[in-house]
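Okay, structure first, notes after.
Nothing in this text is a laboratory measurement; each read-out follows from the coordinates by a stated rule. Keep in mind it's a predicted model, so treat the numbers as computed, not measured. Here Cβ is always computed from backbone atoms with ideal geometry, including for glycine, and neighbour counts include all displayed protein chains.
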Amino acid sequence: MKPAQFEQHEPQTVEEAVSLLESLDDRAILSGGQSMVPMLRFRLAVPETVIDINRIESLDYLEEEDGWLTIGALARHADVEQSELVDENYGSFADAAPLVADPQIRNRGTVVGGVAQADPKGDWGSVLLAHEGEVVAHGPDGERVIPAKDFFLLPYDTTLDENELVTEIRVPTPEPREGSAYHKLKRKVGDYAMVGSAARLVFDEDGRIERAGIGLTAVDITNVRATDAEDHLEGERPGSDLFKRAGELAAEQSNPESDEHGDAGYKERMVNVLTQRALGDAAERAGVVKRRVSQ
Amino acid sequence: MSDADSADATRGVELDADDADGDTGDTYTGSREKRREDVALLTGRAEYTDDHEPPGTVSLAFVRSEHGHADLKEIDTSTAEAMDGVIGVYTWNDLEASPSPGRLPLSGLEGDIPAHPVLATDRVRYHGQPIAAVVAEDRYRARDGVAAVDVEYEPLEAVVDPQDAATDPNAPQLFAEAPDNVATSAELGDADATDRAFDAADRTVEIDLTNNRLIPSALEPRAAIAEFDPDEGFTVTMTSQSPHGHRRKLAHTLGVREGEIRVISPHVGGGFGHKGHHHPGEAMAAWCARDLDRPVKWTATRSENYLEGAHGRDHRTTAALAVDHDGSIRGLRAETYANVGGYGLGVGASMPARYGRLLASQYAIDAIRCETHTVFTNTAPIHSYRGAGRPEAIYVTERLVDVAADELGIDPVELRQRNLIPSGAFPYETPVGATYDSGDYEPAMERALEAIGYDDRRDRSGTTWDSSGEDVENGAIDDGRLRGVGIANYVESTGGGFESGLVRVLPDGDVEVYAGTHSHGQGHETTYAQLVADALSLPIERIHVSEGDTEAIPTGTGTFGSRSTIVGGNAVVTSAEKVLSKVRRIAAAELEVDPERVVYDGGAFTVSGTDGSEAATASARGDEVSFAAVAEAAYGRGLPDDLEPGLEATTFYELDGTAYTFGTHACIVAVDPATGDVELERYLAVDDCGERVNPTIVEGQVHGGVAQGIAQARYEQVAYDDDGTLLTDAMDSYGVPRAADLPQIETDATVTPSPLNELGVKGIGEAGTIAAPPAVVNAVCDALDVAHIDMPLTEERVWRAVSEERGDVN
């Protein structure tokens, strides 16, 4: 790594970090370094100061509390990947974790950092959106909770205030008849998504879809919800025709760009395919449909 | 896409388990001797170029062109020069004012085409071309200095496609000396005979294809540390596959004598050709070391490695096969535009013109005609990359054969078998001037077909039953994926040029071996030790192999083109035999008998014969003299009067001809028709490289080559935009696959020795890169029942092919 020169601070507490944010002008926050280190290395980021939050031990947690699955800012992708709690109850998280980058990066990179980075190609933003999760931030005025749907603004830009630090993301603990899944299409192991689709389905006692959440990766300027598809699903009974239509609606609502891995038309089509598959897995995991015959 | 990240690495499976241990009795040759270099490599003890840092070392970094084609209006270095820690900032003006020519030598082209300047003159011709050099106290400040150099460009129209560059009258011209941007054109084969073959044949099958442009991605990027001493000259420690070659080229660029340069190449982490080529970085480091009188280090960043090249491949080919209804191949015709890039490097601009010499592949074809144009474009220079023309040629033929089979309604395997060069026909001269030394193609092919279960597979191509090979009726799950099987035959030309090998016996009987090749992953230290230990009947621990220092090693050629074991191996063995002959004479003197009476076994010399002579007496006494005692004698007492002291020999070995490795690769793919994702469910390589000195090392070469071949077929693609901007300038955009993207690679072998050398060996280093691309593409086309898809087989391309085939493309 050959960055430009910078000063580094290592706060021990959230309060200390926030006061550094207040007192320093040109600064970047370093947690796992999954994106920040390459940006420093390529000198895409040339901050005067780096605030390394890895010493704030209070942020290292992944647990269920008061009806939420809470993930602290220092929980690594690998923590999610290896969590039995996640494995048993949060299908979309369990799907996404091993698909983030490679093992070395999963040991360092954080889920919260991935969300805060707001890269439209990031996986966690879509999962968070599908689950109607929340982002918890700390600033000079204390804690603030931001619904995920209000968090992402532009590529690498969020509604976070200038002196706020994201300390946690959280999603509701599962309802009795809930299932979720994440499907990701990438060129090779470790890559960012060409297209990704997270789905969460909650069913009522009659087996109808009570709530549907769909979050899409790499097909717009931020991770986005496929609201048309969600609306179409709610109140309906699961089935391949329904999911097919939801996939089409999600594709219609997406705005992918062509790049060297695939053109926009192909990616739109993949939004459709991946959304159908994610919905199918989610319904199956909710226990309301039998194993699908084929992809 | 792989939905699971379970890293199932390329662990190999040896099919010929019966003889898998390669147990050939009491010789090292043929055994699976463990690679002796691996402990140092795997524990991090091995020193690479960048690990080396003489006191006072300063760091070199480059300002590189941001444009594919532009005139340079002004280069303002003043801010950079004033920066703290910056020691020197250089442009072409500084090189021009120095005694050095400052250009990278270009060979093989007619006319007066400019050679690559180490720093750009007044125009840049590719994105990433070095414009200015900054030397600073450390690498951080060097990059600070680079960022502070202000270059004013006047962008010019660019051309990146070689066919466009040569055939579009509106294409920008890179050099006035190269009309239509053509560097060189070459014709192979008999045009009239080929025309007649096509006229006579029942039908013609055609294909247009691209052999995609690739970037060598060695684990270790290129690096150099140059030191200069007014009395001793230059010492350049660098990542070189070819230390003597680099010495010669550096001398040319610097304008000094070869004797003034010592090149040391320590451990090298992969090369694939591009560490044999002469690039600006290393030359500039040497130039700066002299100018500054400080050791100068340059280590390429990964991005620089991507920007500067040399890249590989990048052919556009139109080809046709003339076939009869019964499947007899009568003729083959190809016209190729091969990309050279913005400048030629060495023979890189002319060599691709001869790629067609392998177009016959394994087939007896009456007539072949190949026209190749090498063309300048506004892209990084292209040079040989693992395979170097062979993958390009074999891909054309092996794709054509599959297309022909489909059109004729003949099984592609049957079509191949019908046209194989028969085993009795060797040496066999092809219509494009290659003479195959030996071959027995049918058995290798049969082994591959049997192991892959070809007949059964072929029956169910394009269907969706799962990888267990079971039918759904038998309980298998239909996962919705289409299966296909692909076969590719290949030949590989190996063993060109001469190589040096020096064997020196030390006074205590230890043996030093020096070779002009340079291992950068191939395991020479082990292979050469096995060969020399056998040649001298000594324990392998006594053998010490060295490469990579022009001061210690007789002038050699280097490691590339699958040549080291053939020419380097035979060189060291021949030297060992020369030494042994002298050892025998000294032993005879010690034993006081004629040399013919001396028997050498188990590291000791004894006397044979019972003719009542002195010898018999010696024999009766049980006299013996050890190899070590002879070695000591060679440097001191008891040497016969007619022998000079010392115990070493040097051989410059050259093959009389070319050794042709061959084989058959096969793979089975599963294609997800909804996404275009391709999984290689099985990959099998049957290779014949003659005698195998170390089967494990041979298999390692196959594994690596296959991985690179699959990478070309499935993942890797250099992308430039129309302005000549490299889009795939980092690992996250250029598709080097990871272990988990690759299948388990199964290997098997047949052994058809080369008659051209005593060891019977042929090269194997590039086989996988040659055979894998057509094997994979053939399998995917089989699964989808389509004629052709260009590499790399991206999800999108495959999905489009499926959709078009089904008529539902949206």
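Average partner chain C-beta neighbours within 10 Å, per residue of A:260-273? Provide the component values of the computation, followed by the final result.
On the way: counts 10, 7, 7, 2, 0, 4, 10, 1, 1, 9, 7, 0, 2, 5.
Taking the mean over all residues of the peptide, I get 5.
Mind running the shape call on chain B? Use the C-alpha gyration tensor, a ≥ b ≥ c as the square roots of the eigenvalues: rounded below 1.5 for a/c, prolate if a/b tops b/c, oblate otherwise. Before the final figure, lay out each step's value.
Working: a/c = 1.85, a/b = 1.12, b/c = 1.65.
Because a/c hits 1.5 or more and a/b fails to exceed b/c, chain B counts as oblate.
As a test of the formula, what do you get for chain A when each DSSP H run with n ≥ 4 contributes -39,500 (n - 2.57) and the sum is divided by the residue count, at 222 nm and rounded to the nearest 500 deg cm²/dmol? Walk me through the numbers on the way to the answer.
Working: 11 runs with 97 residues, N = 295.
Per the formula, -9000 deg cm²/dmol.
Scaled to the compact-protein estimate 2.2 N^0.38 Å, what is the alpha-carbon radius of gyration of segment B:32-180, rounded to two decimal places? Spell out each step's value before the answer.
Details: Rg = 20.2 Å, N = 149, 2.2 N^0.38 = 14.7 Å.
Dividing the Cα Rg of segment B:32-180 by 2.2 N^0.38 Å gives 1.37.
Based on the Cα atoms of segment B:732-787, what semi-axes does the equivalent ellipsoid have, where each is the square root of 5 times one gyration tensor eigenvalue, given in whole Å with the largest first?
Numbers: eigenvalues 185, 59, 26 Å².
Output for segment B:732-787: semi-axes of 30, 17, 11 Å.
Looking at this model, which pairs from A:188/A:267; A:267/A:290; A:244/A:290; B:249/B:578; A:121/A:188; B:249/B:297 are more than 23 angstrom apart at the alpha-carbon?
A:267/A:290; B:249/B:578
Find the eigenvalues of the gyration tensor of the Cα atoms of segment B:243-350, then list the square roots of 5 times those eigenvalues as equivalent ellipsoid semi-axes, largest first, in whole angstrom.
Working: eigenvalues 338, 44, 35 Å².
The three semi-axes for segment B:243-350 are 41, 15, 13 Å.
Based only on the alpha carbon positions, what is the Kirkwood hydrodynamic radius of segment A:178-285, in angstrom? Please list the in-between numbers first.
Values: mean 1/r = 0.0740 Å⁻¹.
Taking the inverse mean of 1/r over all distinct Cα pairs, segment A:178-285 comes out at 13.5 Å.
What percentage of all Cα-Cα pairs in segment B:130-195 are separated by more than 20 Å?
Working: 1297 of 2145 pairs.
Value for segment B:130-195: 60 percent of Cα pairs lie more than 20 Å apart.
Please report the projected area of segment A:102-242's Cα convex hull averaged over all directions, in nm².
Seen from a random direction, the Cα hull of segment A:102-242 projects 9.7 nm² on average.
So, in Å, what gap is there between the alpha-carbon centers of segment B:223-287 and segment B:738-810?
First find each Cα centre; the distance between them is then 36 Å.
Which value in Å is the Kirkwood Rh of segment B:110-262 over different Cα pairs?
Numbers: mean 1/r = 0.0479 Å⁻¹.
Kirkwood radius, segment B:110-262: 20.9 Å.
With point charges of +1 on the Cβ of Lys and Arg and -1 on the Cβ of Asp and Glu, referenced to the Cα centre of the protein assembly as shown, which listed residue (B:767, B:583, B:175) lies farthest in the positive direction of the dipole?
Of the candidates, B:583 comes out farthest on the positive side.
Using the C-alpha gyration tensor of the protein assembly as shown, what are the square roots of 5 times its eigenvalues, in whole angstrom, with the largest one first?
Numbers: eigenvalues 557, 285, 198 Å².
For the protein assembly as shown, the semi-axes come out at 53, 38, 31 Å.
Given the -39500 (n - 2.57) contribution per DSSP H run of 4+ residues, what per-residue ellipticity at 222 nm results for chain B, rounded to the nearest 500 deg cm²/dmol? Display every interim value, and only then the final one.
Working: 20 runs with 213 residues, N = 810.
That comes out to -8000 deg cm²/dmol.
With only alpha-carbon atoms counted, please give the Rg and Dmax of segment A:7-55, in Å.
10.5, 31
For a footprinting-style exposure proxy, rank B:560, B:627 by other Cβ within 10 Å, fewest first. Don't skip to the end; give the middle numbers.
Values: B:560 27, B:627 22.
Ordered by Cβ neighbours within 10 Å, fewest first: B:627, B:560.
How large is the convex hull of the Cα atoms of segment A:1-94 per residue, expressed in Å³ as a whole number? Could the numbers behind the result be given before it?
Working: hull volume 11.0 nm³, N = 94.
Taking only Cα atoms, segment A:1-94 has a hull volume of 117 Å³ per residue.
Give the cross-link partners of residue B:73 among the aspartates and glutamates, using a straight C-alpha distance below 18 Å as the criterion and excluding same-chain residues fewer than 8 apart.
B:94, B:96, B:122, B:150, B:152, B:154, B:157
Mind giving me the nanometre distance, one decimal, between the label points for residue B:40 and residue B:96, set 7 Å out from Cα along Cα→Cβ?
4.5
Using R₀ = 51 Å, calculate the FRET efficiency as 1/(1 + (r/R₀)^6) where r is the Cβ-Cβ separation of residue B:637 and residue B:107; round to 0.05.
For residue B:637 and residue B:107, the calculated efficiency is 0.45.
Kindly put A:232, B:246 in sequence by how many other C-beta atoms sit within 10 Å of each C-beta, fewest to most. Walk me through the numbers on the way to the answer.
Numbers: A:232 19, B:246 28.
The order, fewest Cβ neighbours first, is A:232, B:246.
Roughly speaking, what % of Cα-Cα pairs in segment B:480-545 are separated by over 19 Å, rounded to a whole number?
Values: 1091 of 2145 pairs.
For segment B:480-545, the share of Cα pairs beyond 19 Å comes to 51 percent.
Does anyone have the angle between helix A:240-253 and the longest principal axis of chain A? Alpha-carbon axes, 0 to 90°, nearest 10?
Value to nearest ten degrees: 40.
With only alpha-carbon atoms counted, please give the Rg and Dmax of chain A, in Å.
Calculated on Cα positions, Rg and Dmax stand at 19.0, 62 Å.
Can you give the relative contact order of segment A:57-172 as a percent, counting alpha carbon pairs under 8 Å and 6+ residues apart? Please list the in-between numbers first.
Details: 206 pairs, mean separation 31.9, N = 116.
So the answer I get is 28 percent.
Quick check on packing: order B:638-645, B:309-316, A:64-71, B:435-442 by the mean number of other C-beta atoms within 10 Å, highest mean leading.
Details: B:638-645: 10.5, B:309-316: 26.4, A:64-71: 15.9, B:435-442: 20.5.
Going by the mean number of other Cβ atoms within 10 Å, highest first, we get B:309-316, B:435-442, A:64-71, B:638-645.
Take every Cα pair under 8 Å in segment B:126-272 that's 6+ residues apart, average their separations, divide by the length, and report that relative contact order as a whole percent. Working shown, then result.
Working: 112 pairs, mean separation 20.3, N = 147.
Worked out over segment B:126-272, it gives 14 percent.
Show which aspartates and glutamates lie in cross-link reach of residue B:275 when reach means a straight Cα distance below 16 angstrom and same-chain residues fewer than eight apart are skipped.
B:50, B:220, B:304, B:308, B:547, B:549, B:766
Using the Kyte-Doolittle scale, find the helices of chain B whose mean hydropathy is at least 1.0 and whose Cα atoms extend 18 Å or more along the helix's long axis, counting only whole DSSP H runs. Mind dumping the intermediate values first?
Working: long enough: B:390-408 (27 Å, 0.00); B:570-591 (31 Å, 0.38); B:695-710 (22 Å, 0.36); B:767-784 (26 Å, 1.27).
What comes out of the filter, once short or polar helices are dropped, is B:767-784.
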